[in-house]
Amino acid sequence: MTLQTALRQGSDLLAQAGVPDPRLTAELLLAHALRRQKIYLYSHPEHQLSTVEWIHYGRYLHQRLSGTPAQYITRTQEFYGRPFLVSPAVLIPRPETEHVVEQALQVAPHARRLLDIGTGSGALAVTLSLELHASAVATDLSFDALQVARRNAHALHAPVDFLRCDLASALNTRFPLIVSNPPYIPAREIPVLQREVRDHEPHLALLGGDDGTEIYHRIVPQAEKLLDPGGWLIFEIGYQGEQGVRAALGPQWTDIQTSYDLAGWPRVIRARYTP
Ligand SMILES: C[S@@+](CC[C@H](N)C(=O)[O-])C[C@H]1O[C@@H](n2cnc3c(N)ncnc32)[C@H](O)[C@@H]1O
């Protein structure tokens, strides 16, 4: 079978099953089966699949049809222009989270140290340390997530120290910048999440307590002990989280500003610690 035919058949199968972006997904999975870049599919449409390539492709299609996100099959997701290793132990970094990076670069372009709380794949800590030429400390409760994050920092040559602890409880030095994309899905929404998310992404990365703001309320008092006076706290928030997160910020927080993602949802809140 040629690549062209394999691509068409795979994309038809995915479309019939209602998988979003069937053509793009078939391309990703076929390129992964060949261990080649996507461009190869179009520069060599007459390439005949070997038995091994065909078996790999079939298995990946089956996994995707059963709900596994394509990124957990290919084990990679791009974030802010860099490839990140992902595994089912980490949340797949989302494009919306790049707004946290943009806000950080805007308000703290001279930060030389930063802290990322709940680092997952390390997407924020690694990206910001590279963009700011800063050193980073990143925490997570999940040992398996930290192993993935460490591999990403190593592969991308990012100076990040990783620490397994509850939020930032093990730290006692100060930072000019703290970022966090904590779990923020309210418990009642977990059962109605897309099955790709609900059944495959780690619930430790999703569940934000009853109303989705529990973790923010725990991070803020810790951030007050860990930020330099005048330092910035930047949170990603859920689409219904703005009020609850603002409520966690007491009078010692100023310059509080919400920014919106491309779909128009409140996505990031930044605040300055002004004790
Ligand atoms: C929404 S994910 C964000 C991952 C990554 N920062 C990103 O933006 O793609 C939240 C992360 O927080 C971690 N986490 C959840 N509860 C935690 C806690 N109490 N202490 C430390 N990390 C925690 C999860 O394991 C998960 O990796």
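The values are calculated or read from the model by the stated rules, or taken from the named source; none is laboratory data. Everything quoted here is computed from the prediction, not taken from an experiment. Here the Cβ positions follow ideal geometry from the backbone for every residue, glycine too, while neighbour counts run over all protein chains shown. Ligands, DNA and RNA are stripped out before the accessible areas are found, and what is left, the full protein with its side chains, is counted by its heavy atoms. Shrake-Rupley method; radii C 1.70, N 1.55, O 1.52, S 1.80 Å.
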Practice task
Please verify whether the stretch 231-252 includes one or more residues that are part of a loop (DSSP other than H, G, I, E, B), open to solvent by 20 Å² or more (accessible area, probe 1.4 Å), closer than 16 Å to ARG94 by Cα and in contact (Cβ under 8 Å) with a residue 60 or more places away in the chain.
Solution key: no
Practice task
State yes or no: is ARG164 away from the ligand (no atom under 12 Å from the Cβ) and open to solvent by 10 Å² or more (accessible area, probe 1.4 Å)?
Solution key: no
Practice task
Return the total of residues in the stretch 117-128 being outside any loop (DSSP other than H, G, I, E, B) and of a type outside the set (Val, Ile, Thr).
Solution key: 4
Completion exercise
Only one of (1) among the aromatic types (Phe, Trp, Tyr); (2) within 16 Å of the ligand (Cβ to nearest atom); (3) touching a Leu at 6+ places or on another chain (Cβ under 9 Å) does not apply to TYR72, and that is (3)
Completion exercise
If you go through PRO83, PRO93, the only one that is part of a loop (DSSP other than H, G, I, E, B), assigned by TED's automatic domain parsing to the domain that holds SER169, closer than 30 Å to TYR216 by Cα and modelled with pLDDT of 95 or more is PRO93
Fill in the blank from the handout: Per the filter on the stretch 253-263, residues open to solvent by 50 Å² or more (accessible area, probe 1.4 Å) and not in a strand (DSSP E or B) are LEU262, ALA263
Practice task
Kindly provide the set of residues from the stretch 181-214 that are near the ligand (Cβ under 9 Å from one of its atoms), touching a residue at least 60 places away in the same chain (Cβ under 8 Å) and either open to solvent by 30 Å² or more (accessible area, probe 1.4 Å) or touching a helix residue (DSSP H, G or I) at 6+ places or on another chain (Cβ under 6 Å) (or both), ordered by number.
Solution key: ASN181, PRO182, PRO183, LEU204, ALA205
Practice task
Could you please tell me which pairs satisfy a Cβ distance under 6 Å, a separation of 6+ or placement on different chains, a first residue in the stretch 82-106 that is closer than 20 Å to LEU204 by Cα, and a second residue that is more than 10 Å from the ligand (Cβ to nearest atom) and assigned to a strand (DSSP E or B)?
Solution key: GLU96/ARG267
Handout entry: Residues that are closer than 26 Å to GLY67 by Cβ, surrounded by fewer than 18 Cβ atoms within 10 Å (Cβ to Cβ) and touching a helix residue (DSSP H, G or I) at 6+ places or on another chain (Cβ under 8 Å), drawn from the stretch 38-57
Key = LYS38, TRP54
Completion exercise
Residue hits (the stretch 112-155; away from the ligand (no atom under 15 Å from the Cβ) and open to solvent by less than 10 Å² (accessible area, probe 1.4 Å)) are LEU132, ALA134
Handout entry: Given (1) in a helix (DSSP H, G or I); (2) of a type in the set (A, V, I, L, M, F, W, C); (3) buried (at least 21 other Cβ atoms within 10 Å of the Cβ); (4) more than 12 Å from the ligand (Cβ to nearest atom), index of the condition VAL100 fails
Key = (4)
Exercise for the section: Give ALA17, ALA33, ALA26, ALA70 a once-over and let me know the one that is aliphatic (A, V, I, L, M), exposed (fewer than 15 other Cβ atoms within 10 Å of the Cβ) and in contact (Cβ under 8 Å) with a residue 12 or more places away in the chain. Expected result: ALA17
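Rundown of residues vs (1) over 28 Å from ARG195 (Cβ atoms); (2) out of contact with any Pro (no Cβ under 6 Å at 6 or more places or on another chain); (3) outside any helix (DSSP H, G or I); (4) among the aromatic types (Phe, Trp, Tyr), yes/no style:
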position	(1), (2), (3), (4)
LEU7	no, yes, no, no
LEU13	no, yes, no, no
VAL19	no, yes, yes, no
LEU29	no, yes, no, no
TYR40	yes, yes, no, yes
HIS56	no, yes, no, no
ARG59	no, yes, no, no
HIS62	no, yes, no, no
